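Below: the structure, in structure tokens.
Every number in this text was worked out from the coordinates using simple rules, so none of it is lab data. Given the structure is predicted, the values throughout are model-derived calculations rather than measurements. Reconstructed Cβ throughout: ideal geometry from the backbone, glycine too, with neighbour counts over all protein chains shown.
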Amino acid sequence: MSDDFVNHILDNLIGVEGKYSNNPLDKGGETMWGITIDTARAYGYTGEMKDLPRDKAFEIYKKNFYYLPGFDKVALMSQLLAEELFDSGVNFGPPVAVMWLQRWLNVYNRRRADYKDLTFTPTVDLHTIGALREYLNKRGSEGEMVLLTSLNCSQGHRYLELAEGREANEAFIYGWVRQRVFHQMREAIEENA
């Protein structure tokens with residue numbers, strides 16, 4: 001898989017995340033290109049957040065939120081699913097996105113008739129790739145869309161929990177669901193119509 005796809009999804013993500021933000025209601029604090037100050041510092045950036053270069057954000061996202069969790073392996077079978085996993089991983093951490101994929105694959109295996117249940121791992125391992133391959137071979141393009149919808153259900157449910165658990169998040173939830181769930185599903189449906 002070339003970097004063209006990765007750069008495409010990074011461009012989309014940065015378009016959604018925007019530039020500099022320091023909203024007092026946002027627990028992430030200062031962000032630039034969607035990278036929080038804590039994440040930037042963890043990956044060696046020491047400058048002012050307003051000055052975080054776009055290239056540095058791309059580097060952090062590519063390495064730590066796309067390649068390291070193994071979403072590039074998913075992209076070889078489904079770019080739609082890889083993009084969704086990447087997006088969820090950016091919002092909640094890649095291990096959460098991987099776990100959602102594994103959980104959905106486990107319940108879609110027809111009580112282990114199609115493939116074995118997966119053990120939860122923080123990255124996409126060979127067993128997860130094998131199960132995804134079996135799932136897609138059995139379910140085809142409709143199954144790809146059902147799995148994409150399932151992952152979006154998990155993402156939407158997590159946003160609901162965040163807003164219910166912290167009233168200040170009510171300021172963000174409509175935008176989260178609109179940008180991260182509604183628009184992505186609409187685009188995927190239009191692309192596959």
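Starting from the Cα of LYS27, move 7 Å in the Cα-to-Cβ direction to define the label point; list residues of the range 162-193 whose amide nitrogen is under 11 Å from there.
Only 162-169 fall inside the zone, counting backbone N under 11 Å.
Based on Cβ point charges of +1 for Lys and Arg and -1 for Asp and Glu, what charge dipole magnitude is obtained for the range 77-193 about its Cα centre, in debye rounded to the nearest 20?
Dipole magnitude for the range 77-193 comes out near 440 debye.
Can you flag which of LYS27/LYS56; LYS27/LYS73; LYS73/LYS138 are past 30 Å Cα-Cα? If you can, show how the numbers build up before the last one.
Values: LYS27/LYS56 22 Å; LYS27/LYS73 32 Å; LYS73/LYS138 19 Å.
Correct reply: LYS27/LYS73.
What is the sum of charges around ARG186, taking Lys and Arg as +1, Asp and Glu as -1, for the other residues whose C-beta is under 15 Å from the C-beta of ARG186?
Summing Lys and Arg as +1 and Asp and Glu as -1 gives -4.
Would you kindly derive the ³J(HN,Hα) couplings of the range 128-141 from the backbone phi angles with the Karplus curve 6.51 cos²θ - 1.76 cosθ + 1.60 (θ = phi - 60°), listing them in order in whole Hz, with x for Gly and Pro?
5, 4, x, 5, 4, 4, 4, 4, 5, 4, 6, 9, x, 5
Given +1 on the Cβ of Lys and Arg, -1 on the Cβ of Asp and Glu, and no further charges, what dipole in debye does the range 16-61 carry about its Cα centre, rounded to the nearest 20?
Working: 6 positive and 8 negative charges, 5 e Å.
Roughly 20 debye for the range 16-61.
Please sort by residue number the GluC sites (Glu not before Pro) in the range 23-103 whose DSSP state is loop and whose Cβ has at most 14 other Cβ atoms within 10 Å.
Numbers: sites: GLU30, GLU48, GLU59, GLU83, GLU84; in loops: GLU30, GLU48.
Listed in order of number, the matching sites are GLU48.
Sort 107-116, 139-148 by packing, meaning the average of other beta carbons within 10 Å per residue, with the highest value first.
139-148, 107-116
Using packing as a proxy for protection, rank 33-43, 179-189, 160-170 so that the peptide with the highest average count of other Cβ atoms within 10 Å comes first.
Output ranking for 33-43, 179-189, 160-170: 33-43, 179-189, 160-170.
Taking the Cα centroid of the range 134-158 and of the range 36-74, what is the distance between the two, rounded to the nearest whole Å?
27 Å
Taking the Cα centre of the range 1-67 as the origin and placing charges on Cβ (Lys, Arg +1; Asp, Glu -1), which of TYR45, ALA57, VAL6 is farthest toward the positive end of the dipole?
TYR45
Once phi is turned into ³J(HN,Hα) by the Karplus curve 6.51 cos²θ - 1.76 cosθ + 1.60 with θ = phi - 60°, what whole-Hz value does each residue of the range 35-47 show in order, with x for glycine and proline?
These are the phi-based 3J(HN,Hα) values: 8, 6, 4, 5, 5, 4, 5, 4, 9, x, 7, 10, x Hz.
Can you work out the FRET efficiency for the pair ARG112 and ARG139, with r the C-beta to C-beta distance and R0 = 25 Å, to the nearest 0.05?
0.95
With a bin width of 5 angstrom, please list the P(r) values of the range 77-193 as percents of all Cα-Cα pairs, from the 0 bin to the one holding the largest distance.
2, 12, 21, 23, 19, 13, 7, 3, 1
Nearest 10 degrees, 0 to 90: what angle lies between the long axis of helix 94-107 and the longest principal axis of the chain (Cα atoms)?
Tilt relative to the chain: about 20 degrees.
Report the per residue volume, in Å³, of the convex hull enclosing the C-alpha atoms of the range 1-67. Could the numbers behind the result be given before it?
On the way: hull volume 5.2 nm³, N = 67.
Cα convex hull per residue, to the nearest whole number: 78 Å³.
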